[in-house]
Amino acid sequence: MVPLVLWLLAAVAFAFAVSIGAHYTGACMGMSFAAGAIRLGPALWLMAPLAFVGALVASGGVETTVGHGILAATPVAIGIALSIVAAALVLTSVYNFVTVPTSTIQILVFSVVGAGLAAGLPIDWATIGVLLAVWAVAPFAAFGLGYGLVRLVDARRGAAAPLAGPLPRGVAFALVAVGAGASFAMGANDVSNASGALVMTGFFGLFTAALLGGVGLAVGVVSWGRPLLKTVAFDIVRLDPAMATVAQLAQAVVILVSVGFGYFTSMNQALVGAMLGAGVARGRETVRRTAVRGILVGWAIGPVSGAALGYALAWAALRVGGL
């Protein structure tokens, strides 16, 4: 008989995946929607299946890192896994509500660390070190790629001025295509935030965890993604269509390269880095300084609060019978 707490863990993980799917609509389809390349409804219905497919076919390396690479001793007790997912879900929801731009990934990883410390489980600090290095490098890599691609596009086009008049069909197609690529990358990169803890327990394999999380991502995109896409798209986009295409492409490339090595990094931080690079290539300021400060604040408080709440919830779970 399946323990009730295991059903609870699966339900919380699914809810977290729904929240993640809604949260990243702007990071994936914000550029193409804001530029008028695609309408709101089609943007969401294009993103949802691609996020699901990315989770199902390309998340195995990241799922393995979260499920087996952070805590050196697995499987872990179901209650510890539940503490990890619950801590990440609560903090992500709170920070989203108060509009503090934290990284879901960074919160999740340090929730694992906090829960592991509370349970006396060995932490693989080498994996943590690699993740910290990836998180530090990714925005700069996206910056460099965004800068280089914009310079290349301008050299081929022969002018650095924004496109005038209606959005050309080719540019619109390119914007939608890179948004689709970012949607796939998001599924591969972020599903383990919700489902990686399932793998830790030993009750879920990589495919089952990715399937559950992927469905949750898709449900989140089409159910709660509409208002978030409308808000985020017009908050972050200060680029002409060519620059927007390059920035979204740079983001997707950086994320997919990271995922290919079995590590994950922040979608939003990669996008901001790419936007900054595209802007510098044109001599413009494309991202408000408050956004950059917000990212730095998020880097500081996300991991600390994740570790603290993960520790507290795991400590409590260890004192509740059956968890």
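Looking at the structure I just gave you, is Val85 out of contact with any Gly (no Cβ under 7 Å at 6 or more places or on another chain), at pLDDT 95 or above and crowded, with 24+ Cβ neighbours inside 10 Å?
Yes: the conditions hold for Val85.
Residues in segment 128-147: is at least one in contact with a helix residue (DSSP H, G or I) (Cβ under 9 Å, 6 or more places away or on another chain), in a loop (DSSP other than H, G, I, E, B) and under 22 Å from Ala194 (Cβ atoms)?
No: zero hits.
In segment 68-80, which residue that is within 25 Å of Ile255 (Cβ to Cβ) and touching a Ser or Thr at 6+ places or on another chain (Cβ under 7 Å) is surrounded by the most Cβ atoms within 10 Å (Cβ to Cβ)?
Ranking the candidates gives Ile70 first.
Determine the pairs where a residue that is on the phi > 0 side of the Ramachandran plot and of a type outside the set (Lys, Arg), located within segment 76-99, has a partner that is assigned to a helix (DSSP H, G or I) and surrounded by fewer than 19 Cβ atoms within 10 Å (Cβ to Cβ) with Cβ atoms under 9 Å apart, the partner being 6 or more residues away or on another chain.
Cβ pairs passing all conditions: Thr99/Gly294.
Say whether the condition of being without any contact (Cβ under 8 Å) to a residue 24 or more places away in the chain and surrounded by fewer than 24 Cβ atoms within 10 Å (Cβ to Cβ) is met by at least one residue in segment 199-210.
yes
What is the residue count in segment 128-160 for residues that are surrounded by 15 or more Cβ atoms within 10 Å (Cβ to Cβ) and modelled with pLDDT under 90?
So the count comes out to 3.
Quick check on this structure: which one of Leu121, Leu117 is over 19 Å from the mean Cα position of the chain (by Cα) and in a loop (DSSP other than H, G, I, E, B)?
The conditions single out Leu121.
Here is a list: Ala27, Ala35, Ala22, Ala51. Which entry is under 28 Å from Ser258 (Cα atoms), crowded, with 20+ Cβ neighbours inside 10 Å and modelled with pLDDT of 95 or more?
Ala51
From Val215, Val219, Val171, Val246, grab the single residue that is in contact with a Leu (Cβ under 8 Å, 6 or more places away or on another chain) and modelled with pLDDT of 90 or more.
Residue meeting the stated conditions: Val246.
The values are calculated or read from the model by the stated rules, or taken from the named source; none is laboratory data. Because the structure is predicted, anything quoted here is derived from the model rather than measured. For neighbour counting, all protein chains shown are included, and Cβ atoms are generated from backbone atoms with ideal geometry for every residue, glycine included.
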